[in-house]
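Quick notes on the structure that follows.
The values are calculated or read from the model by the stated rules, or taken from the named source; none is laboratory data. Bear in mind that the values here come from a model prediction, so they are computed numbers and not experimental data. Note that each Cβ is placed from the backbone with ideal geometry, even for glycine, and that neighbours are counted across all protein chains shown.
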Amino acid sequence: MNYITHTISRETTEPIQIIDITDEVRDFVVSCGLEQGQITLASQHTTAFININEQETRLLEDMVTFLKRLAPKDGDYLHNIDPIDGRDNAHSHLMGLFMNSSETIPIHAGRMLLGEWQSVFLVELDGPRAKRNILMQASGI
């Protein structure tokens with residue numbers, strides 16, 4: 001069994017932003033040379049997440065609108081009274097309750113087994129941020 005680990009970083013420019021990282025993940029999987037196994041993607045943040053969904057412009061706009069309605073930034077949140085990092089970001093943490101910090105995707109015949117309409121996204125909930133790290137670990141044979 002082989003394990004290959006790599007970290008990618010992204011700058012985000014919007015308060016809520018959905019960034020397609022599928023091609024970079026796919027390139028990493030190919031570079032690993034694994035025939036069978038899996039890749040796990042993990043966000044190293046509490047307000048940025050990994051998601052598998054459909055890459056369609058209007059749907060991505062709907063997702064951002066939905067998230068803004070789910071936990072409005074101007075809510076009366078206790079976390080914002082004295083935030084440890086100086087950011088009024090309780091809404092970002094609350095949106096994150098409904099997301100995954102990691103995803104695992106099977107690898108077969110050297111490629112990720114994503115469905116026809118599936119793409120891999122980094123979901124920023126507390127931007128803009130200079131650097132968001134996504135840990136990628138592929139394992140297999």
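Considering Ile21, Ile16, Ile50, which residue is of a type in the set (A, V, I, L, M) and either at positive phi or in contact with a Gly (Cβ under 9 Å, 6 or more places away or on another chain) (or both)? Write out each step before concluding.
Working: Ile21 fails: either at positive phi or in contact with a Gly (Cβ under 9 Å, 6 or more places away or on another chain) (or both); Ile50 fails: either at positive phi or in contact with a Gly (Cβ under 9 Å, 6 or more places away or on another chain) (or both).
Only one candidate qualifies: Ile16.
Taken residue by residue, the range 53-71 has no member that is surrounded by 14 or more Cβ atoms within 10 Å (Cβ to Cβ), at pLDDT 95 or above, hydroxyl-bearing (Ser, Thr, Tyr) and more than 18 Å from Pro128 (Cα to Cα).
Consider the range 72-98 and keep the residues that are in contact with a helix residue (DSSP H, G or I) (Cβ under 9 Å, 6 or more places away or on another chain) and within 29 Å of Met136 (Cα to Cα). The one that is surrounded by the most Cβ atoms within 10 Å (Cβ to Cβ) is His91.
Residues being surrounded by fewer than 19 Cβ atoms within 10 Å (Cβ to Cβ), closer than 24 Å to Ile141 by Cβ, of a type in the set (A, V, I, L, M) and at pLDDT 95 or above are entirely absent from the range 33-40.
Search the range 32-50 for residues being assigned to a loop (DSSP other than H, G, I, E, B) and either touching a strand residue (DSSP E or B) at 6+ places or on another chain (Cβ under 9 Å) or not hydroxyl-bearing (Ser, Thr, Tyr) (or both), and hand back the single one that is nearest to Asn133 (Cα to Cα).
Gln44
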